[in-house]
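The values are calculated or read from the model by the stated rules, or taken from the named source; none is laboratory data. Owing to the predicted nature of the structure, the values given are computational and were not obtained by experimental measurement. Cβ placement follows ideal geometry from the backbone for every residue including glycine, while neighbour counts extend to all protein chains displayed. Note: accessible area is taken over every heavy atom of the protein model, side chains too, but ligands, DNA and RNA are not part of it. Shrake-Rupley method; radii C 1.70, N 1.55, O 1.52, S 1.80 Å.
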Amino acid sequence: MKRVVVTGVGALSPLGHDWAAVEARLRSRRNAVRVMEEWKQYEGLHTQVGAPAAPFELPPQTYSRKTMRGMGRVALLAVRASELALQDAGLLGDALVRGGKMGVSYGSSAGSAANMGDFGRMVTDKTTEGISATSYVRMMSHTAAVNIGVFFGLTGRIITTSSACTSGSQGIGYAYETIRMGRQVAMLAGGSEELDATGAAVFDTLFATSTQNNATPELTPRPFHAKRDGLVLGEGGCTLVLEELEHARARGARIIAEVIGYGTNSDGRHITQPHAETMAQAMRLALEDAGIPPSEVGYVNAHGTATDQGDVAETTATHAVFGERMPLSSLKSYMGHTLGACGALEAWMSLEMMRSGWFAPTLHLEPGEVDPRCPPLDYVMGEGRSLQTDVVMSNNFAFGGINTSLIFRRWT
């Protein structure tokens with residue numbers, strides 16, 4: 001089996017677009033959630049808070065009307081993040097990109113909502129007005145992966161991972177497996193998501209959104225808190241360049257970290273109610289794949305959505321695998337739930353925290369405030385935690401009972 005390393009990262013997030021900006025925001029203990037004034041027009045939508053991606057610029061020489069014709073915002077976030085990742089890896093314009101040995105493994109929950117609306121109006125109003133030649137391309141579930149391939153002229157394999165909250169983590173996991181088996185030399189891997197009121201409505205109908213802090217967005221979401229009231233949606237895009245180790249060494253690439261384990265499975269029980277036993281099994285599968293015992297993992301980045309059932313099931317699973325000792329925190333307390341992007345954004349931030357030796361706390365969580373239904377773990381709170389570890393785990397769980405666990409090792 002080949003060894004797989006991370007040689008580049010590109011990100012667009014609510015907290016910033018590079019690690020220096022993100023780390024500064026994490027250390028400030030201020031979230032990126034704001035009141036979504038534009039959502040107030042929707043009757044029956046209870047949540048009014050969200051976490052948009054921080055403003056970003058597009059180079060006009062490459063992002064023309066022609067090149068962006070088939071891109072909605074979700075694809076644009078994916079393409080720009082991928083461009084930044086290739087640049088970071090020193091591969092932008094390299095022959096490897098177009099030579100068939102680099103592929104894409106990427107996902108989002110769905111395509112762009114505005115274009116879905118175009119087809120919805122056709123059903124309700126019996127007219128094709130508003131539908132264009134690119135409407136479907138912008139709304140299709142694999143729009144992010146396909147647009148990355150077209151924009152950069154990639155001729156390797158494309159793996160699409162439209163699996164809601166595990167889209168990004170499955171993107172990384174399947175890319176890792178593809179390189180490990182020698183099918184590709186390198187992959188662009190990750191996920192993206194655009195913020196839209198329709199997404200908020202999905203979770204609203206499940207009574208899973210934060211509604212008690214519509215006027216105080218700085219106080220929500222609150223993962224693991226006994227008085228948490230639900231999730232907040234965010235948006236972003238994150239791409240990791242995964243590369244076969246010997247190829248990376250041969251070209252003198254800067255190696256950020258090594259991917260050493262991936263586990264994924266399904267609950268097989270319920271579409272929206274998580275199951276702790278299979279969540280734990282996904283973590284064990286990743287540990288088995290990495291060939292390490294639980295004791296080697298020094299930190300777990302939790303999915304940590306701040307939903308009632310999700311937090312309890314996840315912490316129960318984590319406790320079953322690691323016991324009480326495990327330091328754990330949720331980055332969603334800063335940037336909300338970025339859905340298809342969260343698996344990639346949180347994996348990247350986790351490996352960067354490992355490299356820096358400082359791990360961000362879960363915001364809005366203090367001693368004595370953890371939900372008593374959540375088993376005892378080492379919940380990282382307060383000012384965060386200075387911690388030296390060579391291995392971190394990043395977990396994500398999605399509708400449909402899809403569970404993922406990724407393990408990264410420090411590169412020395």
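So here's what we get for this one:
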item	result
Overall Cα dimensions of the stretch 215-330 - principal axes, largest extent first, Å	53, 34, 30
Percentage relative contact order, the stretch 83-236, counting C-alpha pairs under 8 Å, at least six apart	26 percent
Taking the stretch 343-390 and dividing mean pair separation by its residue count, relative contact order in percent (alpha carbons under 8 Å, at least six apart)	47 percent
The chain: calculated mean residue ellipticity at 222 nm from DSSP helix runs of at least 4, using -39500 (n - 2.57)	-10000 deg cm²/dmol
Pairwise Cα inverse-distance average, inverted: Kirkwood Rh of the stretch 335-378 (Å)	12.6 Å
Surface accessible to a 1.4 Å probe, per residue, for the residues of the stretch 195-304, Å²	39 Å²
Solvent-accessible area per residue for the stretch 88-140 (1.4 angstrom probe, square angstrom)	52 Å²
Theoretical FRET efficiency, 1/(1+(r/R0)^6), r = Cβ-Cβ of residue 389 and residue 309, R0 35 Å, to 0.05	0.75
Two-decimal ratio, the stretch 216-281, of alpha-carbon radius of gyration to 2.2 N^0.38 Å	1.77
The stretch 356-412: Cα Rg divided by the 2.2 N^0.38 Å rule of thumb	1.38
Residue 227 accessible area, 1.4 Å probe, all protein chains in place, Å² to nearest 10	150 Å²
Apportionment of accessible area to carbon and sulfur, the stretch 52-169, percent (1.4 Å)	55 percent
Rel. contact order, % - alpha carbon contacts under 8 angstrom, at least six apart, the stretch 165-234	25 percent
Residue 122 versus residue 92: modelled label distance in nm, points set 7 Å from Cα along the beta carbon direction	3.7 nm
Taking the C-alpha atoms of the chain, convex hull volume expressed per residue in Å³	133 Å³
